[in-house]
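Below is one structure, written out as structure tokens, with a few remarks after it.
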Amino acid sequence: MEALLADRQEQVHRTGEQPFTLVCNKDSLAGAVSQRACVFCGSRVVLYPIADALHLVHGPIGCAVYTWDIRGALSSGPELHRLSFSTDLQERDVIFGGEEKLYRALIELIDRHSPKGAFVYSTCIVGIIGDDLEAVCRRVEAEKGIPVIPVQSEGFKGNKRDGYTAACNAMARIIGTGDTAGISPYSINILGDFNLAGEIWMIREYFERMGVQVVANITGDGRIADLARAHGAALNVVQCSGSTMDLAKIMEERYAIPSIRVSYFGIEDMAQSLYDVAEHFGDPEMLEKTRKLVKEELARVVPQLQKYREVLAGKKAAIYVGGSFKAFSLVKAFRLLDMQVVMVGSQTGTEQEYRELAEITDPGTIIVDDANPLELTSFLEEKEVDILVGGVKERPIAYKLGVGFCDHNHERKEALAGFQGMLNFAEEVYSSVMSPVWRFAMRTKAKDLVTETSKTIVKG
Amino acid sequence: MSKNPPNYISTTNACKLCTPLGACLAFKGIEGAVPYLHGSQGCATYMRRYIISHYNEPIDIASSSLSEKNAIYGGGPNLKMGLVNVTRKYQPKLIGIATTCLTETIGDDVGRYLHEFHRETVGTMPIMVRVSTPSYNGTHMEGFHAAVTAVVEQLAEGGEAVGGKINLLPGFISPADKRYLSEILDDFGLDVTILPDLSDTMDGPATSKYDKIQPGGTPLASIATMGRATATIEFGRTLHGKTAGALLEQKHGVKRISLGVPIGIEESDLFFASLSTLSGRPIPEKHAQERGRLVDSYIDCHKYIFGKKAIVYGEEDLVVALTAFLAEIGVVPVLCASGGKSGKLAAAIKETTGDILAEQPQVFEGMDFFDISEMAESLAPDLLIGHSKGYPLARKLEIPLIRVGFPIHDRMGGQRILHLGYRGTQSLFDQVVNATLARKQSDSPVGYSYM
């Protein structure tokens with residue numbers, strides 16, 4: 001295929017057309033215009049929602065300014081995470097070293113905002129000029145009496161997944177430092193939900209209705225003090241496997257806390273997540289409460305989905321997301337709407353995840369790792385897709401092709417998790433696919449339409 | 001009256017973007033060009049997201065996607081591989097290569113890599129223009145201008161001057177502005193090269209096929225003839241370093257006419273007068289009429305806005321122009337702030353407003369939104385003028401924000417905002433007046449539908 005560079009071919013698979021092979025977790029190909037970001041991005045997205053921490057980006061201004069208040073991660077209290085802090089390194093700092101500036105910036109910002117902790121993100125050039133972040137953080141921690149944690153997130157030292165790991169390592173330094181008194185045996189930490197549009201509040205409410213105590217949100221609406229006592233929870237419930245699974249592993253090793261993987265997207269996966277937690281605790285009363293909860297929610301949501309399903313049936317969907325866990329739920333969610341998924345891809349999926357995707361998708365479905373705009377374009381055209389699910393960078397690709405779009409990334413302002421989220425998702429998909437504007441767009445050959453119309457008018 | 005500028009160590013909510021972003025935007029305004037960042041993958045992706053959110057258009061920025069190994073042993077092989085891959089996939093006419101803080105710090109010699117690469121690939125590759133844009137030096141505007149200079153330096157040829165042909169270097173303007181400038185120059189009968197031109201590449205129509213590289217941009221053939229123009233008009237009163245206009249003058253003897261960004265009547269008059277001189281024609285009736293209607297509206301509305309206080313922020317040259325505009329309509333600019341550090345902002349504002357304003361506003365370079373917010377508390381402004389990132393401040397102060405420039409991330413149509421000339425000024429003026437009227441109306445205890 002013309003759109004595919006030779007070096008990219010092994011990162012694309014077509015379900016059922018050949019035995020499953022797919023190479024992933026590989027460095028992006030130079031010049032291929034990957035949709036991925038970098039190690040720093042991985043760390044920043046995971047830690048960002050911790051709302052009472054100071055997030056200081058140590059480097060030139062770009063990394064901080066491009067991540068200023070770009071996510072829909074809400075807080076029920078402090079909003080320090082929505083500010084963009086940078087040491088804004090200048091040429092002279094690069095030559096003489098940025099440690100002193102970092103120290104002074106930290107002191108200044110901690111005095112100004114009184115955060116409960118601070119994360120100091122390393123960027124590309126910090127890794128080159130060799131600033132000792134550990135030493136500076138230790139010094140400030142001793143002076144200010146709050147955790148000051150370096151995040152080893154130099155952009156070029158791996159890909160986004162390595163950034164997730166760096167973020168997990170940073171959080172692991174806070175976990176275990178707090179008092180765990182009074183935590184229920186039926187208690188969990190929620191890992192891998194970022195409280196976009198208030199989603200974690202819905203999820204917490206479900207767990208509360210089941211009689212489960214949530215110790216720490218990691219990291220949606222997150223707090224340093226909750227992280228510090230997260231080791232007191234009985235179970236880690238992990239969503240978004242790529243981003244926080246490393247932390248669950250660390251906590252299992254250190255504190256023997258087991259973990260289960262869940263997804264809150266789509267009603268099937270949402271219900272399954274709650275049942276899995278209830279079953280883990282094995283308490284009959286909790287199980288009963290969970291059944292009741294699921295029943296009530298389904299009774300509310302399913303009838304409302306019917307009207308969407310009627311009109312959306314048979315429409316074709318493509319999925320391109322950051323981590324592939326979300327793709328599973330989306331495949332199921334589209335099935336619930338009787339829609340057909342014809343392409344699934346992600347920036348940072350694992351071989352195992354792609355293999356499983358190949359198993360659950362229909363024959364001919366394109367599975368792709370680390371795609372780029374031209375590949376996405378060719379897949380959308382080839383499959384005559386009606387809607388693409390992705391993030392901001394994918395949006396103009398879809399729109400230029402006259403394809404509908406649903407934002408399922410960190411920037412979004414719509415809650416798409418939980419039972420209500422499935423309804424919102426259906427509404428989103430419906431409002432894009434069913435818009436009358438597509439009659440003017442390229443998929444319906446806008447140009448021909450215009451010529452035809454003018455011919456008719458001229459002919460009278 | 002000017003108090004000391006805030007002098008903090010840290011930067012909070014920057015009022016600037018990084019150097020390579022500006023270079024990418026400038027390259028994107030050239031026919032058949034693909035911007036390319038020599039750095040790690042994240043830079044390209046972050047900038048694409050940032051730019052897309054303003055224009056709602058695809059922008060593909062390629063990257064060397066450097067890894068740790070490359071950072072240690074040098075990024076040359078990745079650069080070359082990336083250029084080959086971009087060429088194979090996009091068949092560009094030009095690749096605009098900008099460096100990043102990573103490759104500048106590891107000391108990659110891009111010039112040498114490209115020299116080797118040219119030898120290895122004789123005649124098979126597109127034109128390559130390179131610019132050095134370490135993000136620890138300057139803002140996106142320095143990157144933008146440096147890329148324009150690099151393009152002119154490497155592609156403009158000399159030769160005998162062609163009568164009636166001029167160059168226009170407008171700086172970072174909106175697609176709507178560019179289209180309007182073309183209309184004006186056409187009306188004066190001037191043959192103009194506008195560099196760069198984002199009007200089609202970043203504001204394209206929906207078409208019947210997907211273009212790998214959006215059509216439009218300044219034609220390469222026109223850039224080649226820039227050294228033979230009779231004059232270059234270059235917008236920007238705070239430009240520094242070697243500008244493209246200065247280079248054309250020194251290298252090819254093309255007369256440089258330096259003007260402010262034409263916003264407001266005074267600055268627009270200078271622009272129209274220059275065109276009149278260059279073309280030997282009077283101001284076309286259509287534009288004279290537009291000016292007349294603008295003056296008429298100034299008079300109709302003057303009382304509603306007189307004495308209102310405004311904070312202006314953003315790119316330095318835009319701030320100068322907006323301040324000049326506000327001054328001439330009777331709005332008092334109380335703070336003019338930019339993240340840039342040209343060293344020329346205060347002088348440029350004084351030059352354009354000195355004969356109107358009894359008192360010069362507080363003017364500060366190197367500002368961030370924390371500084372601006374802090375000062376705003378005592379200044380009690382009635383409105384803000386700048387890009388979307390001032391919204392949190394406008395919300396806190398409960399005052400209107402007039403959205404101009406880049407980025408517009410919280411409204412649609414940033415690419416269609418018209419700022420320049422009599423027509424753009426008219427649009428801005430109506431927004432300022434109506435925002436003020438709307439405020440008064442909503443604050444009114446009775447409400448009214450007739451003023």
For segment B:113-192 and segment A:346-400, what is the centre-to-centre distance using only Cα atoms, to the nearest Å? 36 Å
What is the distance in Å between the Cα centroid of segment A:276-312 and that of segment B:380-399? 45 Å
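Treat segment B:1-68 as a sphere of radius equal to its Kirkwood radius over Cα pairs and apply Stokes-Einstein at 10 °C in a medium of 1.306 mPa s; give the translational diffusion coefficient in µm²/s, rounded to a whole number. Kindly include the intermediate steps, with their values, before the conclusion.
Values: Rh = 14.1 Å.
Stokes-Einstein gives a translational diffusion coefficient of 113 µm²/s.
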Within the under-9-Å Cβ sphere about B:Lys165, not counting B:Lys165, Lys/Arg +1 and Asp/Glu -1 give a net charge of 0
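What translational diffusion coefficient, to the nearest whole µm²/s, does segment A:1-122 have by Stokes-Einstein, given a Kirkwood radius computed over alpha-carbon pairs, a temperature of 4 °C and 1.567 mPa s viscosity? Don't jump to the answer; show the numbers that get you there.
On the way: Rh = 17.4 Å.
Value of D from the Cα-based Kirkwood radius: 75 µm²/s.
What pairs in B:Lys309/B:Lys350; A:Lys295/A:Lys316; A:Lys157/B:Lys80; B:Lys93/B:Lys242; B:Lys28/B:Lys212 have C-alpha atoms more than 24 Å from each other? Please list the in-between numbers first.
Working: B:Lys309/B:Lys350 18 Å; A:Lys295/A:Lys316 30 Å; A:Lys157/B:Lys80 20 Å; B:Lys93/B:Lys242 26 Å; B:Lys28/B:Lys212 13 Å.
Among B:Lys309/B:Lys350; A:Lys295/A:Lys316; A:Lys157/B:Lys80; B:Lys93/B:Lys242; B:Lys28/B:Lys212, the Cα-Cα distance tops 24 Å for A:Lys295/A:Lys316; B:Lys93/B:Lys242.
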Let me see the P(r) profile for chain A: every Cα-Cα distance counted, bins of 10 Å, each bin given as a percent of all pairs. 4, 20, 28, 25, 15, 6, 2, 1, 0
Percent of Cα-Cα pairs per 10 Å bin, from 0 to the last occupied bin, for chain B, please list those. 4, 21, 30, 26, 14, 5, 1, 0
Would you give the gap between the C-alpha center of segment A:238-254 and the C-alpha center of segment A:139-191, rounded to a whole Å? 12 Å
Using only the Cα atoms of segment B:245-296, what are the Rg and Dmax in Å? 13.6, 45
Other residues with Cβ under 10 Å from the Cβ of B:Ala71 give, with Lys and Arg +1 and Asp and Glu -1, a net charge of -1
Candidate lysines - alpha carbon under 16 Å from A:Lys116, same-chain residues fewer than 8 apart omitted: A:Lys144
Over all Cα pairs of segment B:292-376, the Kirkwood radius sets Rh, and Rg/Rh then becomes 1.00
Only helices counted: for chain B, with every DSSP H run of 4 or more residues adding -39500 (n - 2.57) and the sum spread over all residues, [θ] at 222 nm is -14000 deg cm²/dmol
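Report the net charge of residues surrounding B:Tyr391, where surrounding means a beta-carbon distance below 13 angstrom and charges are Lys +1, Arg +1, Asp -1, Glu -1. Don't skip to the end; give the middle numbers.
Values: positive: A:Arg82, B:Lys389, B:Arg395, B:Lys396, B:Arg403, B:Arg411; negative: A:Asp69, B:Glu398, B:Asp410.
With Lys, Arg at +1 and Asp, Glu at -1, the neighbours total +3.
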Could you pull out every residue, at least 5 positions away or on a different chain, whose amide H is within less than 5 Å of the one on A:Gly402? Hs are placed 1.01 Å off N in the peptide plane, and Pro or chain starts have none. A:Met442
If neighbour count is taken as other Cβ atoms inside 10 Å, put A:Glu310, A:Glu414 in order from fewest to most. A:Glu310, A:Glu414
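Suppose a student asked you for the relative contact order of chain A, using Cα pairs under 8 Å spaced at least 6 residues apart; what percent would you report? Intermediate values should be presented prior to the final figure.
On the way: 924 pairs, mean separation 79.2, N = 460.
Relative contact order comes out at 17 percent.
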How many times 2.2 N^0.38 Å is the alpha carbon radius of gyration of segment B:19-155? 0.95
Would you compute, for the Cα atoms of the protein assembly as shown, the largest minus smallest coordinate along each principal axis and list the three values in descending order, in whole Å? 91, 67, 67
Under-5 Å amide H pairs with B:Thr232, H placed in peptide plane, nonlocal only: B:Asn167, B:Lys255, B:Arg256, B:Ile257
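Please tell me the relative contact order of chain B in percent, rounded to the nearest whole number, where contacts are Cα pairs under 8 Å and at least six residues apart.
Numbers: 889 pairs, mean separation 76.0, N = 451.
Averaging sequence separation for qualifying contacts and normalising by length gives 17 percent for chain B.
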About its Cα centre, how strong a charge dipole does segment A:94-240 have in debye, to the nearest 20, once Lys and Arg get +1 and Asp and Glu get -1 at the Cβ? 120 debye
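Going by C-beta contacts inside 10 Å, put A:His55, B:His38 in order with the fewest on the left. Working shown, then result.
Values: A:His55 27, B:His38 30.
Fewest-to-most Cβ neighbours within 10 Å comes out as A:His55, B:His38.
Read-outs: derived from the displayed coordinates by stated rules, not from any lab. Since we're looking at a predicted model, the values are computed, not measured. Please note: Cβ atoms are built from the backbone with ideal geometry, for glycine as well, and neighbour counts cover all protein chains shown.
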